[in-house]
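Below is one structure, written out as structure tokens; the observations come after it.
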Amino acid sequence: MQDQGWFQDHLLLLNFGVLSITAIVVIWYTRETYLLRKAAQRQVDKASEQIKVAQCQYETSIEQLRASFKPILVCDFNQDPAQMGVGKLGLKNITVCNIGVGAAFNVEIVPIEHAEYRVEFDRVDYLVQGAHSTLSFALSQAGVFSGFSKFPNTLGRMLLCKDEETSVFDLTLTYDDCAKNRYSTHAQINVDHLSGQISLIYSF
């Protein structure tokens, strides 16, 4: 009976020892797994940061490359000072100029509209750096084109048709660069009815 009791006591101790070792192994394994996961997460975070930096550098390089051949278009409303005054603009023509560093292609001007008037501009195929082109246009009233619809004076009268002392119109040009990136130039046309002066305020 004593031997049996001794054996049971030692068996309990053995079971306790096995359970203790198992618990220690489980705790050690859990800790090691946690540390490995944290280390892996740090590596992933570091790799993600490196990817973000590389992406940022790539985007900066692309922007710098695009800037090296980016066209910028503006319009000039060319006037005869001798013909300017109250209710007179002396408008001779409208030119589009490329003041950017690269050629512009597929230049399109959004029609100018007011009440029943609509001014439609012909497309310009391309403009190299520093070049300018006189815009061809046609003005319609209630959808009807007259024999004078392409005359600058006709357009001038349309720009003066508003009752305010200053008429304001929107002008938008869209165009491509040599890589077919699309750009736009927006301008506000201000027409002073008293002086006949036409000015433009640009946003690119």
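Every condition in (1) over 24 Å from the mean Cα position of the chain (by Cα); (2) surrounded by 10 or more Cβ atoms within 10 Å (Cβ to Cβ); (3) at pLDDT 85 or above holds for VAL110 except the one numbered (1).
Go through the stretch 184-204 residue by residue and tally those that are without any contact (Cβ under 8 Å) to a residue 60 or more places away in the chain, closer than 19 Å to VAL86 by Cα and either within 19 Å of the chain's Cα centre (by Cα) or surrounded by 14 or more Cβ atoms within 10 Å (Cβ to Cβ) (or both).
Residues of the stretch 184-204 that are without any contact (Cβ under 8 Å) to a residue 60 or more places away in the chain, as a first pass: 184, 186, 188, 190, 192, 199, 201, 203.
Applying the additional criterion that residues be closer than 19 Å to VAL86 by Cα yields 190, 192, 199.
From what's left, either within 19 Å of the chain's Cα centre (by Cα) or surrounded by 14 or more Cβ atoms within 10 Å (Cβ to Cβ) (or both): 190, 192.
Here the count works out to 2.
Against the test of being farther than 24 Å from ALA187 by Cβ, assigned by TED's automatic domain parsing to the domain that holds TYR183 and not in a strand (DSSP E or B), the options ALA82, ALA40, ALA54 yield a single qualifying residue, ALA82.
The values are calculated or read from the model by the stated rules, or taken from the named source; none is laboratory data. Not measured: the values here are computed from a predicted model. Cβ sites come from the backbone with ideal geometry, for glycine too, and all protein chains shown count toward neighbours.
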